[in-house]
Amino acid sequence: MSCLFCKMAAGEIPVDFVFENENIFAINDISPQAPTHILIIPKAHHENAGELAETPGDLLSEMHSAAAKLAADAGLDGYRSVFNTGASAGQSVFHAHLHLLGGRPFAWPPG
């Protein structure tokens, strides 16, 4: 198993979870792009958001529900949730993960 997030999920790499349940976990991003920058990660390996969307069940909904809870816990009055899918979109770890960003104003369009 060479996937960084799979190793975290399996406990092979120690991390400080800011949220965890049986299907997902969340950690603070090591290179934050906002005052609040949390990664919400499924424990099962899915390469990207497109692959994740094809899996049965409500994992995507569960990830967004966790984002809403974490944003509320952080006292955010708004937040941005982002999936980068593919290297050209900025995905650098090829295990699907949702970025929760908040705590500052964001411009539109992004990037």
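The values are calculated or read from the model by the stated rules, or taken from the named source; none is laboratory data. Computed from a predicted model, the values in this text were never measured in an experiment. A quick note on method: Cβ atoms are made from the backbone with ideal geometry, for glycine too, and the neighbour counts reach across all protein chains shown.
Listed by first and then second residue, the pairs linking a residue in the stretch 47-60 that is within 16 Å of GLN91 (Cα to Cα) and assigned to a helix (DSSP H, G or I) to a residue that is among the small types (Gly, Ala, Ser) and modelled with pLDDT of 90 or more, with Cβ atoms under 7 Å apart and 6 or more places separating them unless they lie on different chains, are ALA49/ALA96; GLU51/ALA96; LEU52/ALA96.
Taken over the stretch 16-56, the criterion of being surrounded by fewer than 17 Cβ atoms within 10 Å (Cβ to Cβ) and of a type in the set (Val, Ile, Thr) is satisfied by ILE30, THR55. With respect to the conditions (1) surrounded by 18 or more Cβ atoms within 10 Å (Cβ to Cβ); (2) modelled with pLDDT under 95, HIS99 falls short on a single one, namely (2).
Scanning the stretch 61-96 for residues that are surrounded by 12 or more Cβ atoms within 10 Å (Cβ to Cβ), free of Cβ contacts under 8 Å to residues at least 24 places away in the same chain and of a type in the set (Ser, Thr, Tyr) yields SER65, SER81. Scanning the stretch 62-92 for residues that are modelled with pLDDT under 95 and under 16 Å from ALA44 (Cβ atoms) yields a total of 0.
Which residue is farthest from the chain's Cα centre (by Cα), if the candidates are limited to the stretch 61-101 and must be under 14 Å from PHE19 (Cα atoms) and among the acidic types (Asp, Glu)? Break it down into steps so the answer makes sense when it comes.
So the first thing to find is which residues in the stretch 61-101 are under 14 Å from PHE19 (Cα atoms), and the list is 62-74, 97-100.
Within this subset, residues satisfying the condition of being among the acidic types (Asp, Glu) are 62, 73.
Working: GLU62: 11, ASP73: 16 Å.
Looking at the filtered set, the residue picked out is ASP73.
Just checking, which of ALA72, ALA34 is among the aliphatic types (A, V, I, L, M) and over 19 Å from PRO110 (Cα atoms)?
Values: ALA34 fails: over 19 Å from PRO110 (Cα atoms).
Answer to the check: ALA72.
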